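Report on the structure given below.
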Amino acid sequence: MAEPEDILIALEAILAGPSEALVNLGGLKVIVTAGGTREAIDPVRYIGNRSSGKMGHAIADEAARRGAEVVLITASDLPAHPAVKAVRVESAQEMADAVAGVNADVAVMAAAVADFRPAGSSSEKLARTDGPPEVRLEKTPDVLAAVVARDPRPFVVGFAAETGSAKQGWLERAVEKASRKNVDLLIANDITEPGAGFGVDTNHVAIVFPDGRTEDWEKAPKTEIARRLWDLISQQMALPR
Ligand code: CTP
């Protein structure tokens, strides 16, 4: 039987009916990545992060409601809108492989992808009696960079969950990141702020444009941020309304 959350989403979609917004993204192919990847240490343990996948799932669901063809590549267990093709993955490598197989006009990279993974995870459970293991780490593939390098290149939206550092504030870091990653938009937030970022239903983000200009969006439910984001993407891509 379907999960209650899935039934609720399906009912919402039916009750909402066709809206003007539904026409907005018709014909557009969209990839969304979401959730926090898990990098195996052994068959039981992994290195993970606090991302819930709520922001990425809200973005994928909203694009589907507006008629886009959406492939959501997600490391989260959250349900997705019935019109979204959800591909469930665990690791950064699986996410990279899944993304590589999908064509897109727009790629929204909301996943918190692990930057490092254990080099050669153990096929057997590591035993406590053997003492603390030494876990050597290696780099994971950069999923976003591979999408940016495509020709033709989709419109790419990156995310940056920042904390700032002694040297640089979080927004300054995000502006530098937008330019380094060569994205069309960067959605940045300060994850130390209550009610913004990982696990919660609201977010407080700043948008970074390619020219380095920034726009602060007031704190709002992630579903509302997803709506504003698709309005902005449509505007930036000059899609017909
Ligand atoms: N990303 C990705 N693949 C990775 C790492 C990150 O696709 N292996 C994407 C994220 O989904 C996000 C963007 O790249 O959209 C920025 O992620 P972030 O972790 O902030 O980038 P880093 O290069 O790790 O930046 P930092 O210098 O802060 O470590």
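No value in this document is a laboratory result; all are computed from the given coordinates. Here the structure is a predicted model, which is why all the values come from computation and not from measurement. Virtual Cβ from ideal backbone geometry, glycine too; neighbours counted across all protein chains shown.
Shape verdict for region 148-194, please, from the Cα gyration tensor: rounded (a/c under 1.5), prolate (a/b greater than b/c) or oblate.
Values: a/c = 4.06, a/b = 2.18, b/c = 1.86.
Taking the square roots of the gyration eigenvalues as a ≥ b ≥ c, region 148-194 is prolate.
Taking only Cα atoms of the chain, what ratio of Rg to Rh do you get with Rh as the Kirkwood inverse-distance radius?
Details: Rg = 18.5 Å, Rh = 18.8 Å.
Radius of gyration relative to Kirkwood radius: 0.98.
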Task: Whether region 77-191 is rounded, prolate or oblate, judged on the alpha carbon gyration tensor where a/c under 1.5 counts as rounded - done: oblate
- [ ] Among the listed pairs Lys125/Lys219; Lys125/Lys222; Lys29/Lys181, give every one whose C-alpha distance is greater than 32 Å.
- [x] Lys125/Lys219; Lys125/Lys222
TODO: List the residues whose amide H sits under 5 Å from the amide H of Ser52, counting only those 5 or more places along or on another chain, with H placed 1.01 Å from N in the peptide plane.
DONE: Gly199
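Just from its helices, what would the mean residue ellipticity at 222 nm be for the chain, if runs of 4 or more DSSP H residues each count -39500 (n - 2.57) and the sum is divided by every residue, rounded to the nearest 500 deg cm²/dmol?
Details: 7 runs with 72 residues, N = 241.
For the chain, the value works out to -9000 deg cm²/dmol.
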TODO: Could you work out the relative contact order of region 119-208, using alpha carbon pairs under 8 angstrom and six or more residues apart, expressed as a whole percent?
DONE: 21
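Note down the Stokes-Einstein diffusion coefficient of region 200-241 in µm²/s, whole number, using a Kirkwood radius over alpha carbon pairs, 25 °C, and 0.890 mPa s. Intermediate results must be reported in sequence, preceding the final value.
Values: Rh = 11.2 Å.
Roughly 219 µm²/s, to the nearest whole number.
In cubic angstrom, how much convex hull volume per residue do the alpha carbon atoms of region 49-133 span?
Working: hull volume 10.5 nm³, N = 85.
Once divided by residue count, the hull of region 49-133 is 123 Å³.
Applying a 10 Å radius around every beta-carbon, put 29-35, 155-161, 194-200 in order of their mean neighbour count, most first. Don't jump to the answer; show the numbers that get you there.
Working: 29-35: 27.0, 155-161: 22.1, 194-200: 14.3.
With the highest mean Cβ count within 10 Å placed first, the list reads 29-35, 155-161, 194-200.
Contact order normalised by length for region 199-241, with contacts defined as Cα pairs under 8 Å and 6 or more residues apart; what percent is it? If you can, show how the numbers build up before the last one.
Details: 30 pairs, mean separation 13.5, N = 43.
Here the relative contact order equals 31 percent.
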